[in-house]
Each structure stands twice: as structure tokens, then as C-alpha cells.
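*Asks:* Below is a structure I'd like to ask you about.
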Amino acid sequence: MGKLIVIEGLDGSGKSTQLELLPKALKNNGIECKSVSFPDYESRSSELVKMYLAGQFGKRPDDVNAYAASVFYTVDRYASFKSNWGEFYNNGGTVIAGRYTTSNAVHQTSKLPKNEWKDFLCWLYDFEYNKIGIPKPDKVIFLDMPIDVSQNLLSVRYNGNEQKKDIHESNIKYLENCREAANFTAEYSNWTKIPCANNGIVRSIEDIASDVLEETLKLFKE
């Protein structure tokens, strides 16, 4: 088996940027890898995810319960593993994923009462890694970006057009709940947290990338 490293974070935390930079940095350290990103919007396997995020099942995130929404994303990951990167991983390759089961752990956990969080995470990890059979990550790097900072970054991304935000990105209360769930899940699941802002000021892309690389390389020294 290979290695699976996941870059996780809430919307606007810079996952896509770090997903682009990390493989290049690893190559400079003699480590070839393949990168994937979820949801895979280019695949038909993401159709339910796209319908959900567009609000076709309800305009609020919790209009679709945590378990049902999780399955939408799980199917997309399973299809990607079987058709895209599974053989590479099974032959010893290193895969860098932007989002993964970890996104269900953050976004769907937040819909539930806190006293159900552990039970949901146990169900989720068993469902995806054991029942469905996609790989368990060797390391999860969580980019911790405060909600107010990430919202400003999203506004810049969409040139101030708030209508472009999906039902997750546009719901501040939901995102606040997600950040609380993310902090709980990161500790419970032994994720590596990297702060992306200091006192409300975004750290440079280069500084964050340096931390991401340092934490990733630890996996190859174990």
C-alpha cells in the first residue's frame, strides 16, 4: 500500500493552493505523488453532491441529514478511488487529497447534537474505511482558518458576488458550527492542525506551505 495524505479545512482556508504546492515540494524532496480533489466535479459520481450544494434538496445544509449527505460524498470518493488513483496507491504510490472522508467528519458532524458526535464519527470511519473499503489517511493536515477571515477571502474569490456561494459557504452559523466540530474532530481523530491566521491576519501562502511540507515529511521519516 502507498501513503494517503489529506489536506482539509473549511471553505476559504486555502486547500486548493496547498494541494497545488505540496506535490511540487515533495518532488523536490525526491517523492513523486498524485493529487486528487473532492468532490470530483468532473465526474458523474458527484451529481448528488452538486444537487445538494445547489440547494435542490433544501436551501439549508441541515435539510439533508448528516447520514444521507455523507453517502453522497462517499459514493464520489469510492468512484474516484476505483477509477482514478486506487491502482497507483495500491502499488505503493503517495496520494495527496484535497478533502476526503474528513470533510464529512467536519461538515456533517456539525449538523448533529454534540452528544452524538463521537457515535457519528465512529459510524463514518467504519462505513468508509471498512464497509466501503476506501483507504484510511496516513495523515490529515487541517488548515485552521477563522470564519471571518475565510469569508473575506471567499468574497474576493467571487468578486463580491455573494450569490456564487453554495449553501455551505453562505451560511455563517453553519460554518461556525463546522469550525467547532472541526476542532473536536481534529483532536478526536489526531489530525495535524496548522493555523492559517494570526490575530485575524492571514499568514503568507509560503509560510503555511512550509508548515504543511514539514508535517508531511515527518510521515516519510517514521
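*Asks:* Every residue in segment 70-83 that is open to solvent by less than 60 Å² (accessible area, probe 1.4 Å) and touching a residue at least 40 places away in the same chain (Cβ under 8 Å), please.
*Replies:* SER70, THR74, ARG77, SER80, PHE81
*Asks:* Search segment 38-62 for residues being open to solvent by less than 60 Å² (accessible area, probe 1.4 Å) and closer than 27 Å to ALA209 by Cβ, and hand back the single one that is farthest from the chain's Cα centre (by Cα).
*Replies:* ASP40
*Asks:* Next up: Return yes when LEU22 is open to solvent by less than 40 Å² (accessible area, probe 1.4 Å), touching a Phe, Trp or Tyr at 6+ places or on another chain (Cβ under 8 Å), among the aliphatic types (A, V, I, L, M) and touching a residue at least 12 places away in the same chain (Cβ under 8 Å) and no when it is not.
*Replies:* So LEU22 fails the test.
*Asks:* Any chance segment 40-58 includes a residue that's touching a Leu at 6+ places or on another chain (Cβ under 9 Å) and among the hydroxyl-bearing types (Ser, Thr, Tyr)?
*Replies:* No, the conditions are met nowhere in segment 40-58.
*Asks:* Shifting gears a bit: Residue by residue through segment 102-113, note down the ones that are in contact (Cβ under 8 Å) with a residue 40 or more places away in the chain and either over 18 Å from THR74 (Cα atoms) or among the aromatic types (Phe, Trp, Tyr) (or both).
*Replies:* Across segment 102-113, the qualifying residue is only LEU112.
*Asks:* I've got another one for you. I'm trying to understand the selection: among the residues of segment 86-126, which are among the aromatic types (Phe, Trp, Tyr), more than 13 Å from PHE184 (Cβ to Cβ) and more than 17 Å from the chain's Cα centre (by Cα)?
*Replies:* Passing the criteria: PHE88, TYR89, TRP123.
The values are calculated or read from the model by the stated rules, or taken from the named source; none is laboratory data. Because the structure is predicted, anything quoted here is derived from the model rather than measured. Quick reminder, even Gly has a Cβ in these numbers, built from the backbone with ideal geometry, and neighbours come from all protein chains shown. Heavy atoms of the whole protein, side chains included, go into the accessibility calculation; ligands, DNA and RNA do not. Shrake-Rupley method; radii C 1.70, N 1.55, O 1.52, S 1.80 Å.
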